[in-house]
Every structure is written in C-alpha cells, then in structure tokens.
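The values are calculated or read from the model by the stated rules, or taken from the named source; none is laboratory data. A quick note: this is a predicted structure, and the numbers were derived from the prediction, not measured. Here the Cβ positions follow ideal geometry from the backbone for every residue, glycine too, while neighbour counts run over all protein chains shown. Quick note on the areas: whole protein, heavy atoms, side chains included, nothing else; ligands and nucleic acids left out. Shrake-Rupley method; radii C 1.70, N 1.55, O 1.52, S 1.80 Å.
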There are 2 protein chains.
Amino acid sequence: MSSMKKIIECVPNFSEGRHPQHIEKIVEPFRAKKGVRLLDYQTDEDHNRMVVTVVGEPAALKAAVIEAVGRAIDVIDMRTHRGQHPRMGAADVVPFIPIKNIDMQETVAFSRKVAREAAQKYSLPVFLYEKSASRPERQNLADIRKGQFEGMAAKIKQPQWKPDFGPAKIHPSAGVTAMGARMPLVAYNVNLDSRSLEIADEIAKKVRHVSGGLRYCKAIGIELKDRGSVQVSMNMTDYTQTALYRAFELIKVEARRYGINVIGSEIVGLVPMEALVDTAAYYLGLEGFSNEQVLETRIWE
Amino acid sequence: MSSMKKIIECVPNFSEGRHPQHIEKIVEPFRAKKGVRLLDYQTDEDHNRMVVTVVGEPAALKAAVIEAVGRAIDVIDMRTHRGQHPRMGAADVVPFIPIKNIDMQETVAFSRKVAREAAQKYSLPVFLYEKSASRPERQNLADIRKGQFEGMAAKIKQPQWKPDFGPAKIHPSAGVTAMGARMPLVAYNVNLDSRSLEIADEIAKKVRHVSGGLRYCKAIGIELKDRGSVQVSMNMTDYTQTALYRAFELIKVEARRYGINVIGSEIVGLVPMEALVDTAAYYLGLEGFSNEQVLETRIWE
C-alpha cells in the first residue's frame, strides 16, 4: 500500500531495432532500478527502431532516461542507419506522460530538466515538442523531424530551428533529439462491415481533426486482409478532451451514409483507466461519479 | 512499484454506532498497521451499527480482524443493544472479498481460518455464510440471522443451527457472528423520469432475482423526495455474472411499458474497476480486450 508518489510514463523511441546486444544495452538502465519500472519494449527490424515503455518516479526516471540516451549515442551511428520509419537521431523522440499525482505543467517542467541535462552531458541538440514546445511550430514532431537525420545538419543552422538546449549543430553520429510532455495516446480502431478501403478512408477523413473532425483524433482507413474487412484506425491524442465514445458514435453516424455498420472496436496496447470509466459513465448516464469510487484507486494510491 | 501481493477486502459490521470511544476502540486495530489499510468506516446512530471497509494482505488482515472482533466483544453488550437494523452479535457479520491476486476459493479458505481462530480465541459461535457456507441454507445471511440476538440462544441449540466453529451456545454478551467470502457488492441506482413509487417498485420487481429477474440483482423502488422523482435502487451481488449494463438496459426496456424514461444512474460507494471496464467494452463492442491493457494495472501490479 504505497503513498502519493508522483508517477511519469516515458515512451522513448530509439533508432535501433536490429542488433540484440545494442537493444539490450539501451534498455538496461531501465531494469532492476528502484523507482523505475520497465513495462515493455518492442523492436521493429524494418523500421530499425525500438519503442520502450517505462514508468517511474521523477528523479529515478530522469537518471534512467539520461543514461539510456547515453547508451543510444554510444551504440547507434545515424550516418549508417537505414530504416523505413522517419528519424532524426539515435534517441529520436522522448515523450513524457503524466500518470499519477502529477499534472501536465509539472511534467513539462520535468521534461525541460531532462532535456537540459541530456543536452549538456552529451553535447546533444534537443528540441522541446508537444506541450513542452517553446513555439507553436515545434509542437508537432513531424515538423521538427522534417528533413530527417540527413537534412538536419543544414536545418539546425537556420535561426528558427536553433535547438532549445545544446549546440546549434547536430551530434555527428547521434543527430538530434526531441523531448517533451504529452497526454497518453490511445490507439483505438473501429471495425466496419465493409471490404471497401475507400469507404474506411472517407470515414477516417470525417472524424479526424486535420480534415474537419474531432480535435484530438488522428485517423486513417486500414484494410484487414485476414478478416476481409476494413477499419478506421485512430490515435486519440487527448482522451480527456476527445472521448473514445465520441469517435465511436461519430463513426456510426458517418457509416450510415454508406449503408454499412460498425461491428466493433479495439484498443491496441495500453489505455488509462479514466478513458474507460468515462466511456462507462457516458453510456450509463452516471451522475456524480468520481474516479475515487473505483476500488483499485483507493488501494493503490 | 509493489509486487504480486494478495489483497482481500473486509467489510465487518459491528453492533455499535453511538459511542465514539467504543467505535474508535473497534476501529483502532485497522489503523497504522503494516499490510492493512483502513479505507472507510461509517456509523449509524439509528441502526446503532458501524460498517468498516479495510483491505490488506491475508496474514496482516487476519490478525487485525481477529483483534477488532475481540474489541467489539469487549465494548458491546448485546443484552442491552437497541437499534433498527437486524443483528445477532457484537461482531455481527464479517465478509471477505477477493480483490487482487487471489481467487474466491482461496478467499473461502481464508475466511474459514479467521472464523476458526476467532471462535477458539473468544469462545464465540461462528456461522460460515455466502460462498463459505457449509450447507445451502446458510448461504443467505438473513436466514442465519433470523430470530436475531434475542432468538439465537434457542435457535443455536437446534442441530441444523449448530455453528461451524465455536460452542453450540451463544456468547452471553456478544451473541454469534457470521463470516464468509463473497463477491464485491455494487450499489447501483437507476433514475426514472417519474414521480410514481409504484412504477419504480414494479420495475424493481421485474429486474430482481427473487421475482424472476437477473440472477445477481436485488432491487427496490425508492422515492427521491428532494428531486421529485423515483429510482430503482439495486445491489448487484456479482457484477462478473450480472453486469451493470444489463440491469441498466433491462430497466430501460421495462420503463417503456409505462411510457417513462431512464434519465441516468448512479454508483454509490466503491466499484471494482472491472465492472466499469466491462461496461465500456460492451458499449464500444470491444474485441479481445484484456484488463491488463489498463495502464494502471501494469503500474500497480
């Protein structure tokens, strides 16, 4: 029965997905460390990239992340790195997510501390992104990463792309890194009783933010060849503002136009409890419900 | 970040709700004890009764519960006890609920150990009830408690009411106790846009088990005078078998007969996360969802 510890999640992406010894070296600082817990890591050979999921208390997490960034700089050489996924550095992007007893503002401050320390320690240019961004054009990772590692040496010399911390030139072998605080992402897919990828894409366009849909929703149509059906595949980028059920119900509404039905949905990977509690509360019309009524939150607070 | 500790909840009911010093004496064994956490306690002067909610690891919880039962025997005299709520002993009923890393079977075994030890230590007759019951007619607490403290001296002498542990005669001042394992109760109320208590009662009859409704649902109609409306007030006695959404949807169906609408619902007190996850999964048609995808379960496992 633990206390009111602050918990932050970190989901760093490293540009290494092929060499087991290198992968283990990078992950190792997250193992068997007090105050830090490695939840998962996944590697992709085609992307030549790995995604680590780790949670921890701020001080311990900061130390472990900075150590892992150092390991990535040691074992990865971006000058010879090849992979399908866009990338700009050995430690490509390091997002921090507030989980428990900590708010976004404090997580932004935390991300700045980690960025400053890592930049100093490794002479690494670091860009702050998402909620930590120092200017609007740096909020989206894709804008920072445009040009990738190969274009970064020239890009970083432009005044508007001076990094937030570290030197205004790339690390010769490790490139540059983006760090910042963001909300948890929920990977949420809605399945349609149709074989038409075109229709799935049309519906995706209607629900996603960029083309007039929901503010915190990214969406594309996907073909499920095994099932002979299609789905709207979404990233819900702030479930506290754009609820899962809203996307689900809106897709039902849009599907009607094509005379097709929603046959179900799926959550890929982890989802914060609050997103599901909110969904239950909506459909049951729950009045005055508080997350503290969930038994588990009382036990593991 | 704790380990795979077994966690049991205990919600003992003691026949004391009027004297603060006595109340504090009974609660005290649950305070500031390693491996045990007092979540809540509520007293009722009219009922002259208190309900404690505590969670803990088996060994520590057993010790604390046995100590608290001893305190109740010390400070309560059933011969002079008056209160509106039915009761048969100082420690009237002691339910145990499996919460984490423990199943019902193991919780039943645990309840038997606590019952045996308390019976020996205090020469207290203890009846096993609910999932721990030694015979079907002892499953329902109301059947065991029938006759209350005043009738128990005679009842306990009948062979079919020989207690499971302890002497076959009541404790002179503390009566008898029921102990056993059960599922978590969820207090769940559905609000109707009607002022008719009669209609709320009619609908309650249709959804509750005893009169032909859902297996793990108890229900009555209740008048909400302040709001000028009525509700179906339910105890969901096994949400893993009778889901909350099933009761909610069934009440909607039944309400149609009277031309009235369901305007919302409410959960009173604590609810296990799984009950809400299950509700969200139903309404979103979630495929292949596992509780382990809830971020919090990974952090506080």
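Looking across the range A:291-300, the residues that are facing chain B (nearest Cβ under 7 Å), farther than 13 Å from B:Glu266 by Cα, of a type outside the set (Asp, Glu) and surrounded by fewer than 22 Cβ atoms within 10 Å (Cβ to Cβ) come down to A:Arg298, A:Ile299, A:Trp300. If B:Lys146 satisfies all but one of (1) open to solvent by 10 Å² or more (accessible area, probe 1.4 Å); (2) touching a helix residue (DSSP H, G or I) at 6+ places or on another chain (Cβ under 6 Å), what's the number of the condition it fails? The one condition B:Lys146 does not meet is (2).
With respect to the conditions (1) away from every other protein chain (no Cβ under 13 Å); (2) of a type outside the set (Gly, Ala, Ser); (3) closer than 30 Å to B:Pro98 by Cα; (4) loosely packed, with under 15 Cβ neighbours inside 10 Å, B:Val253 falls short on a single one, namely (3). Would you point out the residue of the range B:49-107, among those that are in contact with a strand residue (DSSP E or B) (Cβ under 7 Å, 6 or more places away or on another chain) and of a type in the set (Gly, Ala, Ser), that is nearest to B:Gly269 (Cα to Cα)? Looking at residues that are in contact with a strand residue (DSSP E or B) (Cβ under 7 Å, 6 or more places away or on another chain) and of a type in the set (Gly, Ala, Ser), I get B:Gly56.
The single condition from (1) open to solvent by less than 70 Å² (accessible area, probe 1.4 Å); (2) in contact with a helix residue (DSSP H, G or I) (Cβ under 8 Å, 6 or more places away or on another chain); (3) modelled with pLDDT of 95 or more; (4) farther than 30 Å from A:Thr107 by Cβ that A:Ala200 fails is (2). The set of residues in the range A:270-290 that are more than 7 Å from chain B (Cβ to nearest Cβ) and within 24 Å of the chain's Cα centre (by Cα) comprises A:Glu274, A:Ala275, A:Asp278. Can you name every one of the strands (runs of 3 or more DSSP E) wholly within the range A:1-120 that holds 1 or more residues which are open to solvent by less than 10 Å² (accessible area, probe 1.4 Å), away from every other protein chain (no Cβ under 14 Å) and farther than 30 Å from B:Ile8 by Cβ? Result: A:49-56, A:91-100.
For beta carbons closer than 8 Å, sequence separation of 6+ or different chains, a first residue in the range B:95-106 that is among the β-branched types (Val, Ile, Thr) and a second that is open to solvent by 60 Å² or more (accessible area, probe 1.4 Å), the qualifying pairs are B:Ile102/B:Lys6.
If B:Gly264 satisfies every condition in (1) within 27 Å of the chain's Cα centre (by Cα); (2) at the interface with another protein chain (Cβ under 7 Å from one of its Cβ atoms); (3) without any contact (Cβ under 8 Å) to a residue 24 or more places away in the chain; (4) within 24 Å of A:Glu249 (Cβ to Cβ) but one, which is the exception? Status for B:Gly264: all satisfied but (3).
Exactly one residue out of B:Glu130, B:Glu137 is open to solvent by less than 70 Å² (accessible area, probe 1.4 Å), of a type in the set (D, E, K, R) and touching a helix residue (DSSP H, G or I) at 6+ places or on another chain (Cβ under 8 Å): that is B:Glu130.
The set of residues in the range B:260-288 that are open to solvent by 50 Å² or more (accessible area, probe 1.4 Å) and at positive phi contains only B:Gly288. All conditions in (1) in contact with a Phe, Trp or Tyr (Cβ under 6 Å, 6 or more places away or on another chain); (2) open to solvent by less than 40 Å² (accessible area, probe 1.4 Å); (3) closer than 19 Å to A:Gly213 by Cβ; (4) more than 7 Å from every other protein chain (Cβ to nearest Cβ) hold for A:Gln241, with the sole exception of (2).
Scanning the range A:276-288 for residues that are more than 19 Å from B:Glu296 (Cα to Cα) and not aliphatic (A, V, I, L, M) returns A:Tyr282, A:Tyr283, A:Gly285, A:Glu287, A:Gly288.
A quick yes/no check of all residues on (1) small (Gly, Ala, Ser); (2) over 30 Å from B:Ser134 (Cβ atoms):
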| residue | (1), (2) |
| --- | --- |
| B:Pro163 | no, no |
| B:Ile170 | no, no |
| B:Ala174 | yes, no |
| B:Pro184 | no, no |
| B:Glu198 | no, yes |
| B:Lys205 | no, yes |
| B:Glu223 | no, yes |
